Amino acid sequence: MRSIIQCPHCGFKAVEDTLATELLADYRCLACAKLLQAAGADPCCIFCSFGTVPCVQSKNKGGKVSRRG
């Protein structure tokens, strides 16, 4: 599944594939090179924090996913 990640720093949008087996806790913006990290009250991954489509794990567990260390 694809999601559009939007950088909160510069607004750049990139299309990325959501991962079915791994959570992606950080992502480097392709335009400004800032490091995006999962954010929010229950940080899951960059797709849930900055993407248009949440990760597969989040959908399967009703929005509650543990962050992998």
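Here, each number is a calculation from the coordinates, and none is a lab measurement. All values derive from a computational prediction rather than experimental measurement. We place every Cβ from the backbone using ideal geometry, glycine too, and count neighbours over all the protein chains shown.
Odds and ends about this structure:
- P(r) of the range 2-60 over all Cα-Cα pairs, binned every 10 Å from zero, in whole percent: 27, 58, 15, 0
- Only the Cβ atoms of Lys and Arg (+1) and of Asp and Glu (-1) were treated as charged; on that basis the dipole of the range 2-60 about its Cα centre amounts to roughly 180 debye.
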